[in-house]
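Below is one structure; the comments refer to it alone.
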Amino acid sequence: MKTRFYVGLIALAALAFVGCAKDEVKSSVDNAIEFGTYLGRDAQTKGSVFDTETMQGENVGFGVFAYYTDEERYSAAATPNFMNNQQVTYNGSAWTYAPVKYWPNEATDYVSFFAYAPYAETYNVPASGDPIIDFTVPADVTKHIDLVAAENTHIDCQKQAVNDVVKFTFKHALSRVGFKVEAVMDEVNDQENGDKDEDNQKKDIAEGTTISVQEVEIYSYFNNSGKLNLNGAKWTDRAYSYTSYKLTRDNFEAVADKVTITPTLLNNEESYMMLIPTAASNKVKVRVKYTVTTADAKLEDKASVVENNITSDEFAFTFAQGKAYTFVLHLGLTSVKLDAEVVDWEDMGDYVVNVPNNFEN
């Protein structure tokens with residue numbers, strides 16, 4: 001059985017933190033540096049994807065690095081001497097942190113801010129220069145996390161008004177990968193664009209047959225680790241190797257137990273793959289293990305069970321920063337069709353048998 005995999009691209013809007021009155025932090029303490037945020041709601045941001053609910057969760061929030069440079073502008077000589085991976089958390093109505101820091105009062109003093117989320121106390125940055133965090137993609141997909149970084153709109157800031165807040169705009173730093181699955185029954189599905197042959201009507205799965213998925217694995221030269229510069233959310237020093245990431249039944253939605261002819265999300269909300277973007281197009285292939293079970297009372301086990309372990313052909317693909325991709329797995333099944341004819345007899349002519357033989361005197 002030949003099965004092809006086609007790729008559906010879903011553009012994921014950037015995760016945005018912008019100023020919003022209802023989220024601004026108000027304080028009676030003059031000169032306190034405070035943070036106001038707004039997180040854009042996105043129906044697709046679930047589970048391992050960072051969203052409002054997860055960010056506002058207990059002991060989550062975002063991390064801030066701040067550089068006080070006195071009368072000098074921000075440069076490679078600056079150090080995180082004002083905030084060094086300061087955690088900012090949500091208390092139910094406002095973003096808070098401790099100890100509270102205050103704006104320098106001199107008009108010529110500068111402070112530069114950089115931020116990322118979700119907060120992790122393990123991130124260390126260089127002693128001077130841009131804040132750069134080391135990031136490694138876990139081999140276990142269930143441990144993949146979303147990572148967002150703030151745009152560098154807060155360099156060389158000066159003292160704000162009492163009611164002003166430092167507002168961040170965050171963007172996704174990784175690429176998100178998910179999977180959908182559908183059965184393609186007796187249809188030609190080898191068009192390069194993934195469309196099925198319009199001459200064939202969409203056929204349903206025969207009664208008594210169930211298709212279930214056990215594993216999905218993706219292979220490529222992935223970047224396993226890299227450095228994210230929070231000054232512009234740029235990746236550097238990406239280290240790659242030929243790697244695979246695998247999803248199993250524990251990572252799947254209920255559709256995995258009964259695949260239909262409608263494309264349906266296969267991975268559950270906690271099992272999106274979060275990958276470091278690739279600098280160029282790489283060769284990618286996908287393997288899927290699935291079973292086709294057909295009830296049959298005439299068989300000893302009352303069913304025929306066919307296990308399939310299919311790997312797609314390699315295809316070129318680039319994982320871009322801040323984009324979400326959905327690979328649609330077409331499980332192509334061709335029904336066994338029977339035909340018959342009766343071949344005509346081959347006439348060998350007459351053969352005389354004398355019973356009894358007549359003979360002369």
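The values are calculated or read from the model by the stated rules, or taken from the named source; none is laboratory data. Only a predicted model underlies this, so the values are computations on that prediction, with no experimental measurement involved. Because the Cβ atoms are built from the backbone with ideal geometry, glycine has one as well, and the counts that use them run over all protein chains shown. We work out accessible area using only protein heavy atoms, side chains counted, and drop any ligands, DNA or RNA first. Shrake-Rupley method; radii C 1.70, N 1.55, O 1.52, S 1.80 Å.
Of the listed requirements (1) β-branched (Val, Ile, Thr); (2) open to solvent by less than 30 Å² (accessible area, probe 1.4 Å); (3) more than 24 Å from the chain's Cα centre (by Cα); (4) modelled with pLDDT under 85, Thr45 misses just one: (3). Within region 227-271, the set of residues being among the small types (Gly, Ala, Ser) and out of contact with any Ser or Thr (no Cβ under 7 Å at 6 or more places or on another chain) comprises Gly232, Ala233, Ser241, Ser244, Ala254.
In this structure, does Asn251 turn out to be modelled with pLDDT of 95 or more and not aromatic (Phe, Trp, Tyr)?
Working: modelled with pLDDT of 95 or more: yes; not aromatic (Phe, Trp, Tyr): yes.
Criteria met by Asn251.
I'm trying to understand the selection: among the residues of region 94-126, which are of a type in the set (Ser, Thr, Tyr), part of a loop (DSSP other than H, G, I, E, B) and open to solvent by less than 80 Å² (accessible area, probe 1.4 Å)? Passing the criteria: Tyr97, Thr108, Tyr119, Tyr123. A count restricted to region 297-345 and to residues that are farther than 30 Å from Lys285 by Cα and open to solvent by 60 Å² or more (accessible area, probe 1.4 Å) stands at 15.
Restricted to region 127-155, and to residues there that are crowded, with 16+ Cβ neighbours inside 10 Å and more than 24 Å from the chain's Cα centre (by Cα), the residue that is modelled with the lowest pLDDT is Asn152. Exactly one condition in (1) touching a residue at least 40 places away in the same chain (Cβ under 8 Å); (2) farther than 29 Å from Gly322 by Cβ is false for Gly129; which is it? Of (1) touching a residue at least 40 places away in the same chain (Cβ under 8 Å); (2) farther than 29 Å from Gly322 by Cβ, only one is false for Gly129: (2).
When region 156-191 is filtered for residues that are open to solvent by 70 Å² or more (accessible area, probe 1.4 Å), under 17 Å from the mean Cα position of the chain (by Cα) and polar (S, T, N, Q), nothing remains. I need a count of the residues in region 218-230 that are surrounded by 16 or more Cβ atoms within 10 Å (Cβ to Cβ) and under 19 Å from the mean Cα position of the chain (by Cα). Summing the residues that are surrounded by 16 or more Cβ atoms within 10 Å (Cβ to Cβ) and under 19 Å from the mean Cα position of the chain (by Cα) in region 218-230 gives 8.
So how many residues does region 226-259 have that are of a type in the set (S, T, N, Q), within 24 Å of Phe327 (Cα to Cα) and in contact with an Asp or Glu (Cβ under 7 Å, 6 or more places away or on another chain)?
Applying the first criterion (of a type in the set (S, T, N, Q)) to region 226-259 yields 229, 231, 236, 241, 243-244, 248, 251.
Next, from what is left, pick out any that are within 24 Å of Phe327 (Cα to Cα): 241, 243-244, 248, 251.
From the residues that got through so far, the ones that are in contact with an Asp or Glu (Cβ under 7 Å, 6 or more places away or on another chain) too are 244, 248.
The number of residues fulfilling the criteria is 2.
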